[in-house]
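Asker: The structure that follows is given in the form of structure tokens.
The values are calculated or read from the model by the stated rules, or taken from the named source; none is laboratory data. On a predicted model such as this, the values are computed, not experimentally measured, just so you know. Positions of Cβ are backbone-derived with ideal geometry, glycine not excepted, and every protein chain shown enters the neighbour counts. Please note that ligands, DNA and RNA were not included when accessible areas were found on the heavy atoms of the full protein model with its side chains. Shrake-Rupley method; radii C 1.70, N 1.55, O 1.52, S 1.80 Å.
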Amino acid sequence: MRSVRRPARPPLRAAAVLVLFLAPLGTALSAQEVAAWFASSSAAAVYAGIRVETESLAASAAARGVPESLFVRRLAEGAEKRIPPERLASALRDDEARFTGVALLLRLRRLLPPEPERSGRLIWQGSLLLRAGATSPDLAAALDAAAATAGGAFARAERAFDALGLTVSLNARFGLPSAVSGRLAAAIVRSPLERRGFASLISVFARGKASGLSSDLVADIAIRVLDSGGSFEAIEREMQRRTRYP
Amino acid sequence: MRKPRPGILNRLGLCLLAAAFAGSAAAQAAPAADVSAGAPAGSAAQAAAAQAAAAAREMLSRFVGAGPEWGSAFAQSYARALGSAPFEPSGLALRIALAEASRSLAPLPPDRAAALALSCALEVERDMRFGSTPQEARAFLRLYLRVGGTAGGRSFAEAYGRDAVRGGAVSDRSAQWGLAASSPMLRPRSGNRQ
């Protein structure tokens, strides 16, 4: 008997069928950590009304590279502070926007590490910076500078966020002009300075202000000196020169 | 890092922007050929410029009260800022950025508005180069504007234009809008300055 050969199933079709079946499974899996929190936390009953929305936010963010653990962390934080469910839901919506925004900024510069633990740390740090007053253009400027340097994605992004964290502190203490924060953070990122020494710039600024220089001028000097490869000592020397010969 | 390359679309876009701002006092029905004066006569670019001019005019009509000085200062600042950008965003990215960010740009001084517009256009361009459609890039830009500036209830005018007020002096643009230095929108956040 002649065997009838069945036409070969196109591999693309098979893949499509597989994706069709796996996609909902992936979404369900991606909301697992949040679901686990609701299943195990003693405070979960209070927040039962926002469970569906929270799981949906976490799943949608996870699809853009945001680890679910960040939502669990915020849920636990909110529950510990006894935040009313509606307020927590509203905060989580803002969080979702911030987490997703930071993840996208990192991803577009190839600075988002594939490991959820590392990407989560970066996204959390970037989100905190936004909450502390950094603008998205500041974040973009610092990450642009990091993307142009050599090294591992995680270390470069961490350096950018540390530098921006420093400018946020400087702004809180000395009031930087808005256009300067991102430029200063970028100059710090590009400089040969060690990350652990970044905070010394705060005392440099304090001394500059004590000498009667404006924040704008100190920031301008810092950017120019750092961009030309100078150190904090060079910034101090330039500030002294400006104080003597204004 | 790639050096910025002068792109014809962008140069045209800037000419159009400047012209559209400058022409806002004049009739809205200004002939499109006027604003595409930079393009070679009879070229395909001229037709494209005419189309873009109409789009730019429609877009800029969202800038309530944008005066000619503000418009030309904006265009000059944008061109200057482009010099230090990592790359040059396309005309499409700039148009998307202006359309989406117009409300955030309007209350800012021209140089801040230009820096923000460029930052937005760079993100849109980057997202599209990464494979997103213009619609997806636009959605990303909305997120970009939402998360960075409005955090803690601040508007971009507060977050990005906080130095618009210096020693009680209000920027020309803010004065045009009748915003006093005491306006909460322009007041620096408490503890910001020593």
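Asker: With r as the distance between the Cβ atoms of B:Ser72 and B:Arg142 and R0 = 25 Å, compute the FRET efficiency 1/(1 + (r/R0)^6) and round to 0.05. Each step should come with its number before you reach the end.
Answerer: On the way: r = 28 Å, r/R0 = 1.13.
Efficiency at R0 = 25 Å is approximately 0.30.
Asker: Can you give the angle from 0 to 90° between the axis of helix A:85-108 and the longest principal axis of chain A, with both taken from C-alpha atoms, to the nearest 10?
Answerer: On a 0 to 90 degree scale, this one is about 80.
Asker: A further question follows. Using only Cα atoms, tell me the angle between helix A:136-147 and the longest principal axis of chain A; keep it within 0 to 90° and round to the nearest 10.
Answerer: Helix A:136-147 and the main axis of chain A meet at about 90 degrees.
Asker: Using a 1.4 angstrom probe and counting only protein chains, how large is the accessible area of A:Lys81 in Å², to 10?
Answerer: It works out to around 130 Å².
Asker: While we're here: When only C-alpha pairs under 8 Å and at least 6 residues apart count, what is the relative contact order of chain A, in percent?
Answerer: Once normalised by length, the contact order is 12 percent.
Asker: Can you give the extra length, in nm with one decimal, that the chain gains between A:Ser200 and A:Arg87 once fully stretched, where that is 0.36 nm per residue apart less the Cα-Cα distance?
Answerer: Result: 36.8 nm gained on full extension.
Asker: Work out how much length A:Ala172 to A:Ala150 would gain on full extension: take 0.36 nm times their residue separation and subtract the Cα-Cα distance, in nm to one decimal.
Answerer: Result: 4.9 nm gained on full extension.
Asker: Given a 1.4 Å probe, how much area per residue of region A:88-246 is accessible, in Å²?
Answerer: Details: 6100 Å² over 159 residues.
So region A:88-246 comes to 38 Å² accessible per residue, rounded to a whole number.
Asker: Send over the Kirkwood Rh of region A:135-246, from the inverse of the averaged 1/r over different Cα pairs, rounded to one decimal Å.
Answerer: Working: mean 1/r = 0.0723 Å⁻¹.
Roughly 13.8 Å, rounded to one decimal.
Asker: Return one quarter of the surface area of the convex hull spanned by the alpha-carbon atoms of chain A, equal to its mean projected area, in nm². Write down the numbers at each step before the final one.
Answerer: Values: hull surface 79.1 nm².
Directional mean of the projected Cα hull area for chain A stands at 19.8 nm².
Asker: Among A:Leu128, A:Leu111, A:Leu139, which one shows the highest mean-square fluctuation when chain A is modelled as a Gaussian network with alpha-carbon springs under 10 Å?
Answerer: With Cα springs under 10 Å in chain A, the top fluctuation among A:Leu128, A:Leu111, A:Leu139 is at A:Leu128.
Asker: Can you tell which of A:Gly182, A:Gly101, A:Gly230 shows the greatest fluctuation in a Gaussian network model of chain A with Cα springs below 10 Å?
Answerer: Of A:Gly182, A:Gly101, A:Gly230, the Gaussian network model singles out A:Gly230 as fluctuating most.
Asker: Once you have the Kirkwood Rh of region A:32-131 from its Cα pairs, apply Stokes-Einstein at 20 °C and 1.002 mPa s and quote D in µm²/s. Please list the in-between numbers first.
Answerer: On the way: Rh = 13.5 Å.
Translational diffusion coefficient: 158 µm²/s.
Asker: Let me ask something additional. Can you sort B:Ile96, A:Ile83 by solvent-accessible area, 1.4 Å probe, largest first? Please report the intermediate quantities before stating the final value.
Answerer: Working: B:Ile96 15, A:Ile83 35 Å².
From most accessible down to least: A:Ile83, B:Ile96.
Asker: With chain A treated as a Gaussian network of Cα nodes joined by springs under 10 Å, which of A:Ser136, A:Ser41, A:Ser191 yields the largest mean-square fluctuation?
Answerer: Judging by the Gaussian network model, the answer is A:Ser41.
Asker: Using +1 at the Cβ of each Lys and Arg and -1 at the Cβ of each Asp and Glu in region A:135-246, identify which of A:Ile235, A:Ala157, A:Ala199 lies farthest towards the dipole's positive end.
Answerer: Projecting each Cα onto the dipole axis, the largest value belongs to A:Ile235.
Asker: Oh, and also: Kindly state, to the nearest 0.05, the FRET efficiency for A:Ser228 paired with A:Ala45, given R0 = 51 Å and r defined as their beta-carbon distance.
Answerer: On the way: r = 60 Å, r/R0 = 1.18.
Approximately 0.25, to the nearest 0.05.
Asker: By how many degrees, 0 to 90 and rounded to 10, does the Cα axis of helix A:51-62 deviate from the longest principal axis of chain A?
Answerer: Roughly 70 degrees, rounded to the nearest 10.
Asker: How would A:Arg241, A:Arg156 rank on accessible area, largest to smallest, probe 1.4 Å?
Answerer: So, going from the largest accessible area down, we get A:Arg241, A:Arg156.
Asker: Once you have the Cα-Cα distance between A:Arg110 and A:Gln32, take 0.36 nm times their residue separation minus that, and quote the gain in nm to one decimal.
Answerer: This chain segment gains 25.4 nm when fully extended.
Asker: I would also like to ask the following. Please list A:Glu117, A:Glu53 in order of solvent-accessible area, largest first, computed with a 1.4 Å probe with all protein chains present.
Answerer: A:Glu117, A:Glu53
Asker: Here's something else I'd like to know. Just the number, please: buried accessible area between A and B, total of both chains, 1.4 angstrom probe, nearest 100 square angstrom. Could you put the intermediate results ahead of the total?
Answerer: Values: alone 13690 and 10350 Å², together 21450 Å².
Result for this pair: about 2600 Å² buried.
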